[in-house]
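Right, one structure below, let's go through it.
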Amino acid sequence: MDAWTDERLDYIAATLRPLPGEAARNTEAIKRATVEMRSMRADLSTMRADLAAFRSGFSASERQMAQIGWAMATSLVGVIIAAVVAVI
């Protein structure tokens with residue numbers, strides 16, 4: 001086991017001396033990151049609301065296109081039936 005000499009204790013003290021400053025810098029960086037994350041969270045909630053509105057509008061467009069497609073298919077079937085009746 002190593003002896004605890006004054007030289008080793010001075011080395012340990014010198015090594016540990018900058019820790020409070022580093023801890024303060026880290027604490028400040030964490031606070032800034034927390035503020036930025038809160039800001040990003042607010043931006044994301046706004047984006048979610050916009051995306052929900054876009055989805056509902058897109059769904060309405062899809063429904064309208066499906067209705068137009070069915071109307072065109074029904075018209076085509078009607079024209080085909082009319083042509084068959086006209087030929088007969």
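State whether one or more residues within segment 49-71 are among the basic types (Lys, Arg), in a helix (DSSP H, G or I) and either modelled with pLDDT of 95 or more or touching a Leu at 6+ places or on another chain (Cβ under 6 Å) (or both).
No, segment 49-71 contains no residue that is among the basic types (Lys, Arg), in a helix (DSSP H, G or I) and either modelled with pLDDT of 95 or more or touching a Leu at 6+ places or on another chain (Cβ under 6 Å) (or both).
Report whether or not VAL77 is part of a helix (DSSP H, G or I), out of contact with any Ser or Thr (no Cβ under 7 Å at 6 or more places or on another chain) and surrounded by fewer than 10 Cβ atoms within 10 Å (Cβ to Cβ). No; evaluated as a whole, the condition is false for this residue.
The values are calculated or read from the model by the stated rules, or taken from the named source; none is laboratory data. Keep in mind that what you see is a predicted model, and the values were worked out from it rather than measured. Here the Cβ is made from the backbone with ideal geometry for all residues, glycine too, and neighbour counts use every protein chain on show.
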